[in-house]
Amino acid sequence: METSKAIKLKVNGKQLELLAAPNSTLLEILRNNGHVEVKCGCEKGDCGACAVILDGEAVDSCLTLAWIADGSEVQTVKGIGTEATPHPLQTAFIEEGSVQCGYCIPGIIVAAKVLLDENPDPTDSDIRVALSGNLCRCTGYTRIFSAIHKAAQVMREGAQKNG
Ligand code: FES
Ligand code: FES
């Protein structure tokens, strides 16, 4: 039987070496190593609370084996922006009042960041598709959509200014 091995992950720009059993998920090893901003919800791919960016793609970390992620780059909601230098999405979610209990928000910000990186001017329908794996039980999504549109606009204006 295979035993645990050390895997290498770059998490929010920091190189880490973490011990993972063959059946450990990326969610488990991130949370066990202090990344509790990655939320544990259903653990079966239904809710999206555990979403992280793995080599540029939004994935459910509860469905990703840690060994598969060996050598990869991971970004969590904490790596997207800080309190001092928030990402436009994080600012817009606060300004639009898009957060209620907040449990779904780390995964939703992650999914929205990947969307805006690929599509700077998404329609409601584009947002619906991008968030199709993320459940929010509190907000009814309306203010989440308005925050994503607002962040997209701020980012487009920033890109225009920077030429
Ligand atoms: S905890 Fe991963 S999708 Fe719900
Ligand atoms: S804000 Fe509570 S689940 Fe989304």
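What distance in nm separates the two pseudo spin-label positions at Val154 and Cys42, each 7 Å out from Cα along the beta-carbon direction?
3.0
Give the lysines reachable from Lys14 as a straight Cα distance under 16 Å; neighbours fewer than 8 places away on the same chain don't count.
Of all the lysines, those that pass the test against Lys14 - Cα under 16 Å, at least 8 places apart if same chain - are Lys78.
Under 12 Å from the Cβ of Phe93, count the other residues' Cβ atoms, weight Lys and Arg +1, Asp and Glu -1, and hand me the total.
Neighbour charge sum, excluding Phe93 itself: +1.
What Kirkwood radius, in Å to one decimal, follows from the Cα pairs of segment 73-163?
Across segment 73-163, the inverse of the average 1/r is 13.2 Å.
Which order do the peptides 57-70, 75-88 come out in when sorted by mean C-beta neighbours inside 10 angstrom, highest first?
For the peptides 57-70, 75-88, the packing ranking is 57-70, 75-88.
Mind listing the Cα extents of the chain along all three principal axes, in Å, largest one first?
53, 37, 26
So how far apart, in nm, are the two label points at Thr142 and Glu118 if each is 7 Å from Cα heading toward Cβ?
2.9
What whole-number distance in Å separates the alpha-carbon centres of segment 72-94 and segment 20-66?
With segment 72-94 and segment 20-66 each reduced to a Cα centre, they are spaced 17 Å.
Extension gain Ile94-Asn162, at 0.36 nm per residue separation less the Cα-Cα distance, in nm?
Fully extending the segment from Ile94 to Asn162 adds 22.0 nm.
Working only with C-alpha atoms, what are the Rg and Dmax values of segment 5-78, expressed in angstrom?
Computed over the Cα atoms of segment 5-78, radius of gyration and Dmax are 10.8, 30 Å.
Select from Ile144, Val59, Thr82 the residue farthest towards the positive end of the dipole of segment 49-156; place +1 on Cβ of Lys and Arg, -1 on Cβ of Asp and Glu, and compute about the Cα centre.
Result: Ile144.
Quick check: residue separation of Val129 and Lys8 times 0.36 nm, minus the Cα distance between them. What number comes out in nm?
Using 0.36 nm per residue and subtracting the Cα-Cα distance, I get 40.4 nm.
Every read-out reported here was derived from the displayed coordinates using simple, explicitly stated rules and does not represent laboratory data. Computed from a predicted model, the values in this text were never measured in an experiment. Backbone-built Cβ (ideal geometry, glycine too); neighbour counts: all protein chains shown.
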